[in-house]
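Below: the structure, in structure tokens.
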Ligand code: G6Q
């Protein structure tokens, strides 16, 4: 088991103190002034690499801030931690596991060792099996029980076994086979299963049960309901299950118990965290939708970003800088949240996905040595695609009292050229970061002839920080780069905070309590021994269910 390296307390480090002192100088400055003082600001505070332009000049920082943040990253051992992750060391110390989502996109022929075994050949074996299965389904050669081709795919999973594939399917829908219906059932609420299957035909529906453990309550409940739905629709013949169910799991025993032939099981490994798993077999539904070649293009995009993260000096390193900018606001400005705003409708599930990726990874209050931290860790992540948010909550970002750093994500080309829609979308994209940074002074407002009583209400203070990430076009390849960018951003921050970004003990307690409550709901003779509030709520439910 790898223990954490000897660690100096974060807030006592000279690099941290230097940033605190520096913050005192930066905090009173306005972006308006910063741009006026430095004509090269926009060109100096940006990184262009891997066909990505990341402009961070509209942030409340200077070149000196970048230097100090990079010094902090170095002092916190970011370089060593990256090497430890990429070389398969067991950096997930509370679960004694390696953290190797980067191996999922390692090209054939590379080698990454875990416990003396090269894992890359196994990754490619599974990818090959996924590819041939996907091709069969896409070509109509995989027949259902009654001999009909499959036209509907239902992924059953939750959390990491749902959010990633769903987000990526939505993101890459443009590239998907439109003859296939692809659905994602996750909630244990029956409304989810019923609504997602109401127009599907059991004869032509394939369920992919995705669960690393194959014991998750919600997924197993939905999988059993799907089994009943299939058997009912196909006359009750148990042999139908083999044609209509495949599993993605690390738990072959439980898959067998459920009745799925392990020939129809696609494996992955304990060194892949759920929320980092959609580029493993957990992405099978996506691969069927977009085809194996496009899936491979996506993996190549991930890998490009992995290599960039591993090899590029931090001041030119996209994920490292994105992470360090986040540290600057989270720990020095005291910002509680970060808003991620993709200007692309296909990315409508991106922020929900990043919410899990970030908040489950870095939502920790104990450091790697078991000490309670005395600094802030992971931010609250939220947002939805522009321009819709502009007509809803952007008001608070512009004129509220809270500091909300935002990431704006946009593409130069739209996938569906339709009149001037894309220019309209992007005009808003550019206008928002400009308005947020520079605002509108009361003098400017008054000069427009606005009545005096309205002037304070119509003034925009500006100085609201944004980072703009632009790519040429949304493709499988660019999606891979974008997701890896945020994966490594989160890793960078977790490293600075000296926390384990790869466990999630916080979800356990609620799960255990739910198990205890299940029998109490239907059996009124079960004595309730919760707190007064919980007892009262359960009683109300029992009386009215
Ligand atoms: C992700 C989490 C969690 C997990 C789900 C589903 O990192 O561990 O979201 O993915 O609880 O777990 P199973 O895949 O085991 O069903």
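Suppose we filter region 490-514 for residues that are within 14 Å of the ligand (Cβ to nearest atom), more than 20 Å from the chain's Cα centre (by Cα) and touching a residue at least 60 places away in the same chain (Cβ under 8 Å); how many remain?
2
Can you give me the number of residues within region 126-180 that are part of a loop (DSSP other than H, G, I, E, B) and either out of contact with any helix residue (DSSP H, G or I) (no Cβ under 7 Å at 6 or more places or on another chain) or within 16 Å of the ligand (Cβ to nearest atom) (or both)?
8
Regarding region 186-201, can at least one residue be identified that is within 16 Å of the ligand (Cβ to nearest atom), outside any loop (DSSP other than H, G, I, E, B), under 23 Å from residue 482 (Cα atoms) and within 23 Å of the chain's Cα centre (by Cα)?
The answer is no; no qualifying residue exists.
Filter region 360-390 down to the residues that are within 21 Å of the chain's Cα centre (by Cα), over 30 Å from residue 12 (Cα atoms) and outside any loop (DSSP other than H, G, I, E, B) and list them by number.
Residues satisfying the conditions are 382, 388, 389.
If you go through region 210-220, how many residues are surrounded by 17 or more Cβ atoms within 10 Å (Cβ to Cβ) and either more than 9 Å from the ligand (Cβ to nearest atom) or assigned to a loop (DSSP other than H, G, I, E, B) (or both)?
First pass over region 210-220, keeping only residues surrounded by 17 or more Cβ atoms within 10 Å (Cβ to Cβ): 210-212, 214, 216, 218-220.
Restricting the remaining residues to those that are either more than 9 Å from the ligand (Cβ to nearest atom) or assigned to a loop (DSSP other than H, G, I, E, B) (or both) gives 211-212, 214, 216.
Qualifying residue count, region 210-220: 4.
Of (1) more than 14 Å from the ligand (Cβ to nearest atom); (2) part of a loop (DSSP other than H, G, I, E, B), residue 229 satisfies all except one. Which?
Checking residue 229 against (1) more than 14 Å from the ligand (Cβ to nearest atom); (2) part of a loop (DSSP other than H, G, I, E, B), the one that fails is (2).
So which strands (runs of 3 or more DSSP E) are wholly in region 242-359 and hold at least 3 residues that are within 16 Å of the ligand (Cβ to nearest atom) and buried (at least 21 other Cβ atoms within 10 Å of the Cβ)? Break it down stepwise before answering.
Values: elements: 245-249, 265-267, 337-342.
The strands (runs of 3 or more DSSP E) meeting that bar are 245-249.
When residues of region 39-66 are filtered for being touching a residue at least 12 places away in the same chain (Cβ under 8 Å) and within 23 Å of residue 403 (Cβ to Cβ), how many remain?
16
Within the group 334, 301, which residue is on the phi > 0 side of the Ramachandran plot and in contact (Cβ under 8 Å) with a residue 40 or more places away in the chain?
334
Can you name the helices (runs of 4 or more DSSP H) wholly within region 28-125 that have at least 3 residues being surrounded by 14 or more Cβ atoms within 10 Å (Cβ to Cβ)?
31-37, 63-75, 78-86
Can you pull out the helices (runs of 4 or more DSSP H) entirely within region 440-545 that have at least 1 residues that are farther than 30 Å from residue 47 by Cα?
Fully inside region 440-545 and qualifying: 442-447, 455-458, 508-522, 532-544.
For region 104-125, which positions are touching a helix residue (DSSP H, G or I) at 6+ places or on another chain (Cβ under 9 Å) and either over 21 Å from residue 279 (Cα atoms) or within 16 Å of the ligand (Cβ to nearest atom) (or both)?
The one that is touching a helix residue (DSSP H, G or I) at 6+ places or on another chain (Cβ under 9 Å) and either over 21 Å from residue 279 (Cα atoms) or within 16 Å of the ligand (Cβ to nearest atom) (or both): 104.
Coordinate-derived values only; no laboratory data. Everything numeric here is computed off the predicted structure, so don't read it as measured data. Cβ coordinates were reconstructed from backbone atoms using ideal geometry, including for glycine residues, and neighbour counts include every protein chain displayed.
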